[in-house]
1. For segment 169-276, what is the percent of antiparallel DSSP beta bridges, rounded to the nearest 5?
2. How about Lys4: which lysines have a C-alpha closer than 20 Å to its C-alpha, ignoring those fewer than 8 places off in the same chain?
3. Could you give the length gained on full extension between Asp151 and Ala358, defined as 0.36 nm per residue of separation minus the Cα-Cα distance, in nm?
4. Return the calculated 222 nm mean residue ellipticity for the chain, to the nearest 500 deg cm²/dmol, obtained by summing -39500 (n - 2.57) across DSSP H runs with n ≥ 4 and dividing by the residue count.
5. Estimate the FRET efficiency between Asp222 and Leu130 by the formula 1/(1 + (r/R0)^6), using the beta-carbon distance for r and 56 Å for R0, to the nearest 0.05.
6. Less than 11 Å from a label point 7 Å out along the Cα-to-Cβ axis of Ala119: which backbone N atoms in segment 10-45 qualify, by residue?
7. Please identify every one of the GluC sites (Glu not before Pro) in segment 110-140 that sits in a loop by DSSP and has no more than 15 other beta carbons within 10 Å of its own beta carbon.
8. In nm, to one decimal, how far is the modelled label at Asp392 from the one at Ala182, with both set 7 Å along Cα→Cβ?
Amino acid sequence: MPPKFGTSGLRGLVTDLTDPLCAGYTFAFLRGAETDGTVLIARDMRASSPRMAAAVASGAARLGLRALDCGVLPTPALALLATARGTAAVMVTGSHIPDDRNGLKFYTRHGEITKDDEAAITAGVAELDLTAAVDTAELIPETAALSAFSDRYTSFFPSDYLAQMRIGFYEHSSAARACLSAILTGLGADCISLGPSDRFIPVDTEAVDPSTQDMLAGWARDHRLDAIVSTDGDADRPMLADAQGQIIPGDRLGPLTALAIGATDLVTPVSSNTLVDAMGSFTVHRTRIGSPHVIAGMQAARTAGAKAVAGYEANGGFLTGFTASRDGRSLPPLMTRDSVLPLIAPLGLARERGLTLAALNATLPARFTATDRLVGVETDASARLIRSIDDDGPARTELFEGLGTVAAVDRTDGFRATLADGRIAHLRPSGNAPECRVYAEAESPEAAHALQSEVMSRVARMLDGGAR
């Protein structure tokens, strides 16, 4: 499958992300973007990322733009600098997917590009020769992004916001290795480095494997930690575990973060936990899955008059659409997924309330989610199976027999069925990789995992029976 835009950015196999293709997509993006004569370029720690960053610089050079090399950097840090400079940026990353894949994320001076922008870039690329050799272009070092990103948090939260908290940082190959420890320490925490790796490790914050969960629990116990923080590869999705090493899902971090910064309206995909609706603290707007859809929903909410709009995804990425205030200090908007704010804010909120992180999590309504994915399933195969289930025929009967009656269906993104007892099962093709995503929600973690596991097992059998 050739590289294509998914839920966030262009993704594909490294072998298909050739230098001419990377340069061509960059050229098509920048041809319609406002710049200050430069383009900012950063990357994650994949082995293929430096080569692709050089190709991006070549695409910029075709338009006479100077390519500024920010090095390995969190995606939100790159977006923040692009907004401050009033110019465009390109992040070379495949986010959480395996190392044999990679991608490009594009940012205007206003933030992450929209689905309309993606369509325009795709149309522009269709006019280009993607086989022509790529010229070498100069990459000029740029070091301002990290300090600006760190200052965003250390100048907003008080210096003792995380005081007396012992926090482990699972570094692996996260782009946040460049700054997260310093941010936590700057807010008063005792930060312990855990598991750094020079080999890229694909961490999916929505579907953490059992071996990683066991590793986190062991670290929490052995180091007597209050919490463990981490991110995905490009540091736009957080992972937060409590003192027992139990991961707090991203769609629970989102509402907690919103409470901490005073948001009134929350935009989140249909896959996010319904506990936010039950809280009664926010006006909630639902969208399709993917940060471009969340951004469009935030823009629509602001146009309709909402003042303090934020967004989040089930993967934990948090978007700030307003200027938050605290004790005379301000946190400006950042219209792209951020992993740092939804790590800091819940930790600080727990400390301010005199609670452990687990106890703070327990104050939220008792709705729990579970998610996993079937790998090696092409998008077309997932889509065919989901259409057959949606037809309310034998395939739906086969999937839900013995599980309960389907009381309602939401087709905002994939097939999301609410059962008569309130449990939810949701299927959709991944927008980033050959995977079929399976989500579940129920009244307890055990019930959510049981439903998710059973539905995924049945989907696998149905795919093996011919849908692949």
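No value in this document is a laboratory result; all are computed from the given coordinates. Note that the structure is predicted; figures quoted are calculated from it, not measured. We place every Cβ from the backbone using ideal geometry, glycine too, and count neighbours over all the protein chains shown.
1. On the way: 6 of 10 bridges.
So the antiparallel bridges amount to about 60 percent of the total.
2. Of all the lysines, those that pass the test against Lys4 - Cα under 20 Å, at least 8 places apart if same chain - are Lys105, Lys115.
3. Values: separation 207, 0.36 × 207 = 74.52 nm, distance 2.82 nm.
Fully extending the segment from Asp151 to Ala358 adds 71.7 nm.
4. Working: 15 runs with 163 residues, N = 468.
Here the helix-only value at 222 nm equals -10500 deg cm²/dmol.
5. Numbers: r = 51 Å, r/R0 = 0.91.
Efficiency for this residue pair is about 0.65.
6. No residue passes the distance filter.
7. Working: sites: Glu112, Glu118, Glu127, Glu138; in loops: Glu127, Glu138.
Here the sparse-neighbourhood loop sites are Glu127, Glu138.
8. 5.9 nm
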